[in-house]
Amino acid sequence: MRIARFAYGDEVRYGLVSGDGARAAGPAGGLSVAEIAGHPFGVGDDVRLTGSTFPVADVRLLAPVLPSKIVAVGRNYAEHARELGNEPPAEPLLFLKPSTSVIGPGDAVVRPVRLSERVDYEGELAVVIGRLCRHV
């Protein structure tokens, strides 16, 4: 299941993405998004399809979530740490990122000119846990 957060007109909505983008030309291809009512990440129990479906080409895909906090682990990929001239740490390096660091597909990556001389490439994996937890 692919859950999307998207804007249609002035409204922000959630939906389920379906279709095969590889079969049609363009980045959105033959994808569509079926709107859902309710919160898809476990806030409340009443999540249902509304019956409205939109071609992905007609909506603006947004960042999938609006996190209250982002806990990140630094230098956890040994080869990439060495590429940057660092040794992998003996223990995980945890740090926080601002929620504004999460962007949607096609959004610009902004490099703060006074704070950084480069933008580094990395793949990011996110885990959404829909309830309070501890020692996960």
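Computed values, structure above
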read-out: Extended-chain gain in nm, criterion 0.36 nm per residue less alpha-carbon gap, residue 2 and residue 120; value: 39.8 nm
read-out: Top of 20, 120, 107 by mean-square fluctuation, Gaussian network on the chain, Cα under 10 Å; value: 120
read-out: Overall form of region 44-136 per C-alpha gyration tensor (a/c, 1.5; a/b vs b/c); value: oblate
read-out: Two-site FRET efficiency, residue 127 against residue 11, from Cβ-Cβ distance with R₀ of 30 Å, rounded to 0.05; value: 0.60
read-out: Computed [θ] at 222 nm, helices only, for the chain once each DSSP H run of length n ≥ 4 contributes -39500 (n - 2.57); value: -1000 deg cm²/dmol
read-out: Most mobile listed residue (81, 63, 37) in the chain, GNM with C-alpha springs under 10 Å; value: 81
read-out: Choice from 61, 96, 16 with maximal GNM fluctuation in the chain (Cα, 10 Å cutoff); value: 96
read-out: Inter-label distance, nm, simple model (7 Å from Cα along the C-beta direction), residue 81/residue 93; value: 0.8
read-out: For the chain, the longest site-free run once chymotrypsin sites (Phe, Trp or Tyr not before Pro) in DSSP loop states with at most 16 other Cβ atoms within 10 Å are removed; value: 78-120
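None of the figures in this text is laboratory data; all of them are computed from the coordinates on show. Everything numeric here is computed off the predicted structure, so don't read it as measured data. With ideal geometry, Cβ positions are generated from the backbone for all residues, glycine too; neighbour counts draw on all protein chains shown.
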